[in-house]
Each structure stands twice: as C-alpha cells, then as structure tokens.
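The next block holds one structure in the form of structure tokens; read it before the comments.
The values are calculated or read from the model by the stated rules, or taken from the named source; none is laboratory data. This structure is a prediction, so every number in the text was calculated from the model and none was measured. As a convention, Cβ positions derive from the backbone with ideal geometry for all residues, glycine included, and neighbour counts pool all protein chains shown. In case anyone asks, the SASA skips ligands and DNA or RNA and just uses the protein heavy atoms, side chains included. Shrake-Rupley method; radii C 1.70, N 1.55, O 1.52, S 1.80 Å.
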Amino acid sequence: MIVERAAALLAEHGIETARADAEWIVAHVLEVKRSELVALSHKVDDAAVWPLVERRASREPLAYVLGEWGFRHLTLRCDSRALVPRPETETLVEICLELLRESGSGSEPQTLRVLDVGTGTGAIALALADELDDVHVVAMDSSDEALDLARENAELTGLPLELVHADVHDGLPPGPFDLVVSNPPYVRPEEIESLEPEVRDWEPREALVDDGQTDALALHALDVLRPGAPLVLEIHAERARPVSELLVARGYEVRISTDLTGRDRVVVGKRQ
C-alpha cells in the first residue's frame, strides 16, 4: 500500500510523524479526507504521490508540500513566503477574541479596529475577521512576499483585510486600535542551527530571528492603542519573563496566559 511505503521512506529520513504525513500527502493527491484513505488509496497514482513524498523527505514542511494548511475554521494557502501557522497560535486568537468581546460588550455598537503585526499568511488577522462581527483588521508585514500571500488568503477566504507594508522599527499604522496582536520573532541568531530542519532550512529567517521587533512593537503600540486597550504577544515559554519585564518597563500592566499544555504562551499588556 502506498501509504506504508511513503511512511517508511519518511521514517528513514528521521520524520517522527511519518505515518501521518504520508496519509496527508496521499489524501491530498486524492482530494479526500484522511479518514477515507482505506477505501481509496489503491486508486492513487504513484507518480503523483512520490514527488510530494520526496519533498517531505527532504524535510520541507508538510504545509509547504501540500500548499495549504488548516487554521481554526479556515484553510489557508501556505508556502515558503511565510511561517507555517502553528496550533499554539490558536490560543493567541482565543485570547484576542475574549479581549475584543469584553471591550465591545459594555458600549454602543461600534466597529472594532485590530492591528496584526507581522501577519505572514494572514492566519491571525483572517481568523479574527472570520469570527468577529463588525471588526476592521489591519494586517501589517515588512515582507512584500508575505503580504502577497496574506492577500491571496484574504481573496481565498472572502474575508476583508487592510494590508500595510511597513517595518515595526519605523512605527505602526495610525490608530486608534482596540487591540494590537503579534507573533513576533523570538529566536536568537545563535539558536538557529539548533532548530528542526523544517524550520531552520525552509521557513523565512526574517520571521524567525529577533532583531528587537518586540521592543519596537511595545514602544510604538503605545502611540496607537486606545487607553486600556491590549497588546497581545505570542511568546516562547522561556521568553515569558523577559518579555513581561520589557512591557512593564514600557508602562504596560501585564499578565501571562498559558496554552493547553500549561506552558507560558501569551503575554497581554494593557496600556495604562
């Protein structure tokens, strides 16, 4: 069976999720769900499967091989122009949804304004546009290629985004915003070689390596947030304390939220 053969090849290349990845690839070629493979895998054309299996065996991320990836209720186009949307980022979206619903619950109906900094595929921005009523989402990135991908995903999903090309070091689009959200780079340059090949060799390095974006964002967000509005950051568990201290030093009131595994994952700083 082709799934077994593909899984064996992927396992030889050190891929721990070999079986699942093989199923994803074969299901993608057949244009069916993974649960339907048992009945249909005998119909797949090996010639269509093996080029994808070989790409995955080279440690190219599965999302890039498939060309799409699921994020919350959306299926987004995904390639090397931006980071692969992570499951952990869904926790970030949940927290943003809670904060925005709270901010709009005690006032007259109004359009909420949200800024997503470093939008990449547009996953965060599009999820918020999809799950909130009466919201205007601005998606910003310093990469023209990433913005092109976010634009493609906005068109694919039929969700409205305002796309802005800008570098966070130079400031943020004019506010006021009811929430600013970001999954900023947090890998130190000396840590790159220790990352998994899927990340180290394939994902855009400018979206991975921290060159002071978090500090710049904390500073400039103060100029565009409404009083009391939050800056919401996804962080690595080991960065929770330094990021929290950075925000406190900038004048934010800070709390840390955990993901489903109990790891520190999101820092929320509210402008005083």
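Quick look at the values:
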{"quantity": "Any helices (runs of 4 or more DSSP H) falling wholly within segment 172-272 and containing at least 3 residues that are within 28 Å of Glu162 (Cα to Cα)", "calculated": "213-224"}
{"quantity": "Hits in segment 139-161 (condition: in a helix (DSSP H, G or I), under 20 Å from Pro184 (Cβ atoms) and open to solvent by 60 Å² or more (accessible area, probe 1.4 Å))", "calculated": "Asp144, Glu145"}
{"quantity": "Single condition Arg72 does not satisfy, out of (1) under 25 Å from Leu159 (Cα atoms); (2) surrounded by fewer than 14 Cβ atoms within 10 Å (Cβ to Cβ); (3) modelled with pLDDT of 90 or more", "calculated": "(2)"}
{"quantity": "Those residues of segment 213-225 which are open to solvent by less than 30 Å² (accessible area, probe 1.4 Å) and either free of Cβ contacts under 8 Å to residues at least 12 places away in the same chain or over 14 Å from Asp116 (Cα atoms) (or both), in sequence order", "calculated": "Ala216"}
{"quantity": "Meets criteria (touching a helix residue (DSSP H, G or I) at 6+ places or on another chain (Cβ under 7 Å), within 27 Å of Pro174 (Cβ to Cβ) and at pLDDT below 95) for Gln213", "calculated": "yes"}
{"quantity": "Number of the condition not met by Val26 [criteria: (1) in contact with a helix residue (DSSP H, G or I) (Cβ under 6 Å, 6 or more places away or on another chain); (2) open to solvent by less than 40 Å² (accessible area, probe 1.4 Å); (3) within 24 Å of Pro204 (Cβ to Cβ)]", "calculated": "(3)"}
{"quantity": "Segment 184-202 residues that are more than 21 Å from Ser142 (Cβ to Cβ) and open to solvent by less than 50 Å² (accessible area, probe 1.4 Å), paired with ones that are at pLDDT 90 or above and part of a helix (DSSP H, G or I) (beta carbon under 9 Å, 6 or more apart)", "calculated": "Glu198/Leu62; Glu198/Tyr64"}
{"quantity": "The one condition in (1) open to solvent by 50 Å² or more (accessible area, probe 1.4 Å); (2) over 15 Å from Arg86 (Cβ atoms) that Ser257 fails to fulfil", "calculated": "(1)"}
{"quantity": "Subset tally (residues that are outside any helix (DSSP H, G or I), touching a Pro at 6+ places or on another chain (Cβ under 9 Å) and under 30 Å from Asp134 (Cα atoms)) for segment 75-103", "calculated": "6"}
